[in-house]
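Note sheet for the following structure.
Each value in this text was obtained by applying a stated rule to the coordinates, not by laboratory testing. What you are looking at is a predicted structure, and each value in this text was computed from that prediction instead of being measured. FYI the Cβ positions are ideal-geometry reconstructions off the backbone, even for glycines, and counts take in every protein chain you see.
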Amino acid sequence: MRVAIIGAGPCGLACALELEQRNIYPDLYEQSYRVGYNVPMVQALLRVLDRQGYRHLRHIFTKLGFNFKPLANLHTLTIRTSRRSYELRGDLGILLERGQGEKALEVQLSKQLRSAVKFGTSAGYNSLAGAYDYVVVCDGNSNTAVELKIVEKTYSAWLKGAVLLGDYDPGTATLFFNTCCAGRGHACLLPFSRERAMLLLLVTGASRDEMEDYWKDFLYRTKLEPEIVQAFEIQHLGLLLSKQRVGNILLAGNSGGFSDSLLGLDSLSGMASGALAGIAIAENMDYDRLVEPIVSRMRRLAAFRDILDTLDSSGIDRLIRVATLPGIKQVLSNSNIDILSLLYPLVKKRPAKSFQA
Ligand SMILES: Cc1cc2nc3c(=O)[nH]c(=O)nc-3n(C[C@H](O)[C@H](O)[C@H](O)COP(=O)(O)OP(=O)(O)OC[C@H]3O[C@@H](n4cnc5c(N)ncnc54)[C@H](O)[C@@H]3O)c2cc1C
């Protein structure tokens, strides 16, 4: 069987590794000359936010034939609003490194790969669909979904980030809400190690030109005086699609709508979708059905982003104050109760401000 994969990000690599487990060796097309973003970053999968999604992902990953090591287990989450700071402790999730370093997720995955990667080759689904039995689109953008007319909604944000030097606890993450951009975004500080961390500011619906002002305002209000060694700006486009397969073309990862619109931090859902695309192809299974639980997770996260974007500073303060009241905090940190799934039926009918049809 001939399979082409467009994009050797975490999703494309996971798809290839899954196919290899079943003795299918795909051709990977990668427009860059090596795997990984040229800026290092840290991503987090927050178990505390979405236990159902986290359990499902863990289930998928325990069944897969490839391995990767997280940077650290997350034991403390500090949530800072303009008025107060709250802390959650427990088994809260994991942190992953991204980029081109030895510990980066994509570098770990690429070392397990045996298939050929055609580096420096930009590919399109149109030219490959006739030559291969299947084409898996993992190029991280919305172009294919737009052309195939399967986009339901899009969500756009600009991110400004920086790698910082300082003194950090590798198991602690900080989320900043409502310090400069209540109703439009948030920021996070995630450590690579004791000496290095990533600071990321995400603003929904902002233009690139506005990001510098948001960034300055954020640093001023939080009184952070970071020692910045590398800075970057990236546009993120989230998608919700009506389906993930059209003929012999399967869409996975960010291009299939598997992107975390709530915090913009989760790369494992995209990777899981890539692996499931590989399984669907090799075992002739229904891809749309296989990924349905992950699609539901993406929809839950997007619905909560919409709610967050309607709250002003005091609304966010109230929400976080309630979530961190002693009994509720205990449930959030350590029990198996799934807060997002519990609240989702209440929020999903609300108007979606940040989505444009
Ligand atoms: C700064 C930053 C912000 C992020 N924000 C978010 C966010 O808000 N929400 C979220 O869920 N995730 C976000 N992510 C994470 C990231 O998008 C996902 O975690 C994950 O990388 C998606 O994996 P992927 O494999 O689908 O796509 P990618 O990691 O983007 O990989 C796609 C690969 O395809 C290659 N490619 C692209 N076009 C072509 C082509 N035509 N031919 C061949 N190769 C091609 C690219 O070079 C790249 O290697 C962010 C990442 C960064 C670095």
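Over region 3-347, what per residue volume does the convex hull of the Cα atoms give, in whole Å³? Intermediate values should be presented prior to the final figure.
Details: hull volume 43.8 nm³, N = 345.
Expressed per residue, the convex hull around the Cα atoms of region 3-347 is 127 Å³.
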Between V146 and K223, what is the spin-label point distance in nm, taking each point 7 Å from the Cα along the Cα→C-beta axis?
4.4
Just to verify a number: FRET efficiency for A231 and S85, C-beta to C-beta distance, R0 = 25 Å, to 0.05?
0.50
Filter the DSSP H helices in the chain by two things, a Kyte-Doolittle mean of at least -0.5 and an axial alpha-carbon span of 20 angstrom or more, and list the hits by number.
268-282, 287-310
Largest first, please: the extent of the C-alpha atoms of region 147-287 along each principal axis, to the nearest Å.
54, 32, 22
How charged is the neighbourhood of R289? Take every other residue with its Cβ under 13 Å from the Cβ of R289, and add Lys/Arg as +1 and Asp/Glu as -1.
-2
Cα centroids of region 307-330 and region 151-176: how far apart, whole angstrom?
20
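Give the shape of region 109-199 as rounded, prolate or oblate, defined through the alpha-carbon gyration tensor: a ≥ b ≥ c are the square roots of its eigenvalues, a/c under 1.5 means rounded, and otherwise the shape is prolate if a/b is larger than b/c and oblate if not. Before the final figure, lay out each step's value.
Details: a/c = 3.71, a/b = 1.61, b/c = 2.30.
Because a/c hits 1.5 or more and a/b fails to exceed b/c, region 109-199 counts as oblate.
Extension gain R208-A323, at 0.36 nm per residue separation less the Cα-Cα distance, in nm?
Net length gain for the segment: 38.1 nm.
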Cα-only Debye scattering, region 250-328: base-10 log of I(q)/I(0) at q = 0.16 Å⁻¹:
-0.67
Burial-style ranking of 184-197, 248-261, average other-beta-carbon count within 10 Å with highest first, yields 248-261, 184-197
Tell me what the chain gives for mean residue ellipticity at 222 nm when only DSSP H runs of n ≥ 4 count, each as -39,500 (n - 2.57), the sum divided by the residue total, rounded to 500 deg cm²/dmol.
-10500 deg cm²/dmol
Convex hull volume of region 48-149 per residue (C-alpha atoms, cubic angstrom):
208
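Suppose we keep just the DSSP beta bridges with both residues in the chain; what percent of those would be antiparallel, to 5?
Numbers: 51 of 70 bridges.
Of all bridge pairs located within the chain, approximately 75 percent are antiparallel.
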Residue span R22 to A116: 0.36 nm per residue of separation minus Cα-Cα distance leaves a gain in nm of 32.2 nm
Cα-only radius of gyration and Dmax that characterise region 190-264, units Å
16.8, 53
Please compute the volume of the convex hull spanned by the alpha-carbon atoms of region 1-108 and report it per residue in Å³.
130
Rank N38, N284, N67 by mean-square fluctuation in a GNM of the chain with C-alpha springs under 10 angstrom and give only the top-ranked residue.
N284
